[in-house]
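Take a look at the structure below.
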Amino acid sequence: MTDTETVLRVQGITKNFGDLVANDAISFSLKKGKVLSLLGENGAGKTTLMNIIFGHYTADGGHIEVFGKKLNASNPAEAIALGVGMVHQHFTLADNLTVLENVILGTEPLWKWVQDKAAGRARLKELSGEFGLHVDPDADIKSLTVGEKQRVEILKALYRGAKILILDEPTAVLTPQETDQLFGTLRDMLARGLSVIFISHKLGEVMAIADDIAVLRHGKLVANFPVAEASREIIAEKMVGEAVPQPRRQIMEAGEELLSVEDVSVKDENGQQILKNVSLHLHRHQIIGIAGVSGNGQKPLSDLVSGMCRPGSGQLNLSGEAITVFDPKEMVAKGIGRVPEDRHVQGVVGDFSVEENMILETYASARFSKFGWLRKKEITDYAYSLIKAFDIRGAGPETIVRGLSGGNMQKVILSRVLENSPQIILANQPTRGLDVGAATFVHEQLFKARKEGAGIILISEDLEELLAVADSVAVMYHGQISPQMPVESVTLQQLGLLMSGEGFSVHSKGQDHAA
Amino acid sequence: MLLEPRTHTPLWMTIIAPIAAVFVVMVLCSGLIMWAGAPVLQSYIALAKGAFGSKFAISETLVRATPLMLTGLAAAVAFRAKLWNIGGEGQLYMGALAATYFGTGMVNLPAPLMIPFLFVVGAIAGGLLLLVPALLKTKLKVDEVVTTLLLNFVILLMANYLLFGPWKDPMAMGWPQGAPIVDAGILPKLIEKTRLHGGLIFALLASVSVWLVMSKTKWGLEIRAVGLNQDAASFAGIPINKTIIRTALISGGLAACAGVTEVAGTKEYLTLDISPGFGYTGIAVAMLAGLNPLGVIIAAIFFAGIYNGADSMSRAMDVSNYIADVITAASLLMVMLAVMLTRMRIRFS
């Protein structure tokens, strides 16, 4: 091992936010041509650590060496100059510029009359050839697929001379096939002497690509070992601290039909068809999983059932009765519980307290208001009972929601939705960004509601989640939906192919639900 | 240099911050006073005396604070819903016009009914004026900053037209002013031999009422939810457009009441200078108060004190009273900076 050069050494990095110790004396090193996978639950301190390495934050203690040189923190430009490149989970690309413009953006001096695009183009061509990262330099970013955008992000880092690449949850937005492609690219880069820090939740991928694993928990480095010495179980246990019992899906007989979506089409503001002849049948005691790469019609489908948009053609029936009023309030009144896709945007009012968020759908009911006045005591008591029932930790009724962790925030939303005993639950990405413990809690709550007779539509990009939780799965592609398939009859690979449009066929009319 | 959020703010800091900010402003403005050739300390003493130094000074400050409280409340309510009502000045004049129209002989009621009547018609007129931009915003997505701002000039010019033309009081020796408000409509004086009138009581009651509505009622919850996160409010089923329109009616009505207090209280007839920009200063009052309706009371008195104090300072020390605008503007900036520093800490690397 003496011949492998250490490219990055993290020594005793400590970072406090007030009383919270986000990173506690973390040390590890990365060797040339290797992949170090950084694992940990949400809030374990991964992002903080990466932000320190990349110079967004200043560490309170410890130091970092890149290629033997000490990194004077708090300046991304210096990290870049030393050869550190970062691909953020949420892309940082300018949508209205071309690929080439995005790549050279910021690399040229500010006060220069003409951009030297020819040189940039030549170098971009060279890099994309070398690493097999093919994108059209003149394409507008907004016309690219998610996978292509990620390639641009990687090219951006390489263009700036990155020799160490930090990838923050790079596979979260990719299909299994795109993930394989990404891994191919990464292996090429490793062979050429680059090194990678790979941040992920997904154990399967980590086992496939990483050489070494570093596990963070509550800001501490709890394990650091070669992947060859690890098993899934050991890693999971290190991440969570104890073995987490996964709730098992019980087989249940589906009951009567609760909701049917009949041949619905929706156009967006620009006249673009975003849902095409979609049909779906949801029954009591049934969980339907909706798979698909983000942006293939999941949002309009969820908006439709949430009452946020109305069908252009076709109709929705609730227990056989057509819905005529499409309005969120109306949907709540009809017993549809809605867990929105983006907690921060649609789920909660971040600057409201826990109790205000808990009554956001029901504040006008006689229980919580009288003659227009809010019944404060009633509301606070209600909040206390929900905080207890849903085990929302570290929060009282008056706590501002913005400060809660993702898991606790999601529990606030779940409590608001489930406390009204909805017959139909629409859960759009309910476990996105949650750690194993919080995700398990969400699944348990969904199973409980299903047992009590609810029908659930679960939209998720996490195929493993769908296969573990749903009774039947349908795939969305380009605004269309596939037939519902019993979960026992499909594999991950089949779903992945359908998601990329291969062998995709549209739900035929009159086809019955999967029992 | 980096800014990082504080996890908690100690109480002493919250109290000291605005006081320190005002102190910094005084230090900064002393340069201007020196430039004007006046002794700094005596000038500030003259300012303080002019603002709060005597029973008369206090009463004058409160007279000036009254319309500022109402326009401040108007801005605070609207801004809570992210309805950017810059039209307080126009709504103020609309209220004054309505009070003049109904209060100069057209309607005659006994005082206990006449005074509330004038506030009601004024508020309705102001509310309706802001309803136009609110409808344009909700139906056609027209930016309300532009429409409310421009309506100010429309209303002010309309008042000009009326006072130079059809509404000109023939008894006013050619001055462009309206007929006097009928006796039953005049707000009673609170203290003998001062100009302090019942409008102050109305403004204080309005502040408390607005605070109650914003923090304790369904409407308040809706307004705050729409302002803080329209997407989440809409998803939860809160009627967005209805809330914005309701907010507009309340906000426009409050600003218009400032016009009523000036016409029926301070002046007792309509002139074109009833407001030296109370509608615009109300925005600064609301910002200084952090959009808190009770804070508006203090912020309005502070601003009124600075303006009145600067007037007497200019008389005593020969420093231009425009210093008042510098002090209030600098105070607003400094207080906002101070408030930010109570929430963030600066780190030097």
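The values are calculated or read from the model by the stated rules, or taken from the named source; none is laboratory data. As the structure is a prediction and not an experimental result, all values here were calculated from the model. Note that each Cβ is placed from the backbone with ideal geometry, even for glycine, and that neighbours are counted across all protein chains shown.
Among the residues here, residue A:377 does not qualify as of a type outside the set (Gly, Ala, Ser), within 24 Å of residue A:333 (Cβ to Cβ) and either touching a residue at least 60 places away in the same chain (Cβ under 8 Å) or in a helix (DSSP H, G or I) (or both).
Taking the criterion of being within 12 Å of another protein chain (Cβ to nearest Cβ) and surrounded by 24 or more Cβ atoms within 10 Å (Cβ to Cβ), the only residue of region B:202-221 that qualifies is B:221. The residue list A:182, A:190, A:194 contains one member that is surrounded by fewer than 19 Cβ atoms within 10 Å (Cβ to Cβ) and of a type outside the set (Lys, Arg), which is A:190. Residues of region A:166-195 that are over 21 Å from the mean Cα position of the chain (by Cα), among the aliphatic types (A, V, I, L, M) and over 15 Å from residue A:134 (Cα atoms): A:190, A:191, A:194. For region A:404-473, the helices (runs of 4 or more DSSP H) that sit wholly inside it and include 1 or more residues that are over 22 Å from residue A:203 (Cα atoms) are A:406-418, A:436-451.
Considering each of A:99, A:84, A:103 in turn, give the residue that is touching a Pro at 6+ places or on another chain (Cβ under 6 Å) and in contact (Cβ under 8 Å) with a residue 40 or more places away in the chain. If you could, list the steps in order and put the result at the bottom.
On the way: A:84 fails: touching a Pro at 6+ places or on another chain (Cβ under 6 Å); A:103 fails: touching a Pro at 6+ places or on another chain (Cβ under 6 Å).
Testing whether each residue is touching a Pro at 6+ places or on another chain (Cβ under 6 Å) and in contact (Cβ under 8 Å) with a residue 40 or more places away in the chain leaves just A:99.
For region A:495-507, a residue qualifies if it is surrounded by fewer than 16 Cβ atoms within 10 Å (Cβ to Cβ) and of a type in the set (S, T, N, Q), and exactly one does: A:505. The residues of region A:160-170 that are surrounded by fewer than 21 Cβ atoms within 10 Å (Cβ to Cβ) and modelled with pLDDT under 90, listed by number, are A:160, A:161, A:168, A:169.
Residue-by-condition table, conditions (1) assigned by TED's automatic domain parsing to the domain that holds residue A:300; (2) crowded, with 17+ Cβ neighbours inside 10 Å:
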position	(1), (2)
A:330	yes, no
A:345	no, no
A:353	no, yes
A:366	no, no
A:370	no, no
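Within region A:356-395, the set of residues being within 21 Å of residue B:212 (Cβ to Cβ) and among the β-branched types (Val, Ile, Thr) comprises A:359, A:379, A:380.
Per-residue answers, yes or no, for (1) polar (S, T, N, Q); (2) out of contact with any His (no Cβ under 6 Å at 6 or more places or on another chain); (3) farther than 27 Å from residue B:228 by Cα; (4) crowded, with 24+ Cβ neighbours inside 10 Å:
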{"site": "B:84", "(1), (2), (3), (4)": "no, yes, no, no"}
{"site": "B:100", "(1), (2), (3), (4)": "yes, yes, yes, yes"}
{"site": "B:104", "(1), (2), (3), (4)": "yes, yes, yes, no"}
{"site": "B:109", "(1), (2), (3), (4)": "no, yes, yes, no"}
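I need the full set of residues from region A:301-357 which are polar (S, T, N, Q), more than 10 Å from chain B (Cβ to nearest Cβ) and assigned to a helix (DSSP H, G or I), in order please.
Here is the first cut: in region A:301-357, the ones polar (S, T, N, Q) are A:302, A:306, A:313, A:315, A:317, A:319, A:324, A:346, A:353, A:357.
Add one more test, that the residue is more than 10 Å from chain B (Cβ to nearest Cβ), and what stays is A:302, A:313, A:315, A:317, A:319, A:324, A:353.
Answer for region A:301-357, where residues must be polar (S, T, N, Q), more than 10 Å from chain B (Cβ to nearest Cβ) and assigned to a helix (DSSP H, G or I): just A:302.
Residues that are of a type in the set (D, E, K, R) and within 10 Å of another protein chain (Cβ to nearest Cβ) were ranked within region A:358-374; the one that is farthest from residue A:304 (Cα to Cα) is A:370. What is the residue count in region A:187-219 for residues that are modelled with pLDDT of 85 or more, closer than 14 Å to residue A:167 by Cβ and either in a strand (DSSP E or B) or not aliphatic (A, V, I, L, M) (or both)? Number satisfying all stated conditions: 6. Residue A:241 passes every criterion in (1) at pLDDT 85 or above; (2) within 20 Å of residue A:207 (Cα to Cα) apart from (1). State whether the residues of region B:29-48 include one that is away from chain A (no Cβ under 14 Å), within 24 Å of the chain's Cα centre (by Cα) and not hydrophobic (A, V, I, L, M, F, W, C). No: zero hits.
Remark: residue A:92 matches the filter, which requires a residue to be of a type in the set (Val, Ile, Thr), under 25 Å from residue A:47 (Cβ atoms) and surrounded by fewer than 19 Cβ atoms within 10 Å (Cβ to Cβ). Residue A:393 meets the conditions (1) in contact with a helix residue (DSSP H, G or I) (Cβ under 7 Å, 6 or more places away or on another chain); (2) modelled with pLDDT of 90 or more; (3) among the basic types (Lys, Arg) in every case but one. The failed one is (2). Selection over region A:409-461 of residues that are among the hydroxyl-bearing types (Ser, Thr, Tyr) and surrounded by 18 or more Cβ atoms within 10 Å (Cβ to Cβ) gives a count of 3. Return yes when residue A:448 is out of contact with any strand residue (DSSP E or B) (no Cβ under 6 Å at 6 or more places or on another chain), farther than 30 Å from residue A:216 by Cα and more than 14 Å from every other protein chain (Cβ to nearest Cβ) and no when it is not. Judged against the criteria, residue A:448 is a match.
Based on what the data block shows, is residue B:159 farther than 30 Å from residue A:358 by Cα, modelled with pLDDT under 95 and either more than 14 Å from chain A (Cβ to nearest Cβ) or not in a helix (DSSP H, G or I) (or both)? The answer is no for residue B:159. Checked across region A:56-65, the condition of being touching a residue at least 60 places away in the same chain (Cβ under 8 Å) and either in a loop (DSSP other than H, G, I, E, B) or in contact with a helix residue (DSSP H, G or I) (Cβ under 8 Å, 6 or more places away or on another chain) (or both) holds for no residue. Quick one: residue A:136 ticks every box in (1) at pLDDT below 85; (2) not assigned by TED's automatic domain parsing to the domain that holds residue A:34 except a single one, so which number is it? Among (1) at pLDDT below 85; (2) not assigned by TED's automatic domain parsing to the domain that holds residue A:34, residue A:136 violates only (1). Return yes or no: is residue A:276 over 25 Å from residue A:469 (Cα atoms) and either at pLDDT 95 or above or within 14 Å of chain B (Cβ to nearest Cβ) (or both)? So residue A:276 does not fit the description; no. The conditions of being over 27 Å from residue A:355 (Cβ atoms) and either away from every other protein chain (no Cβ under 14 Å) or more than 20 Å from the chain's Cα centre (by Cα) (or both) are not met by residue B:244. Against the test of being within 14 Å of another protein chain (Cβ to nearest Cβ), part of a helix (DSSP H, G or I) and either under 30 Å from residue B:172 (Cα atoms) or without any contact (Cβ under 8 Å) to a residue 24 or more places away in the chain (or both), the options B:258, B:232, B:264 yield a single qualifying residue, B:232.
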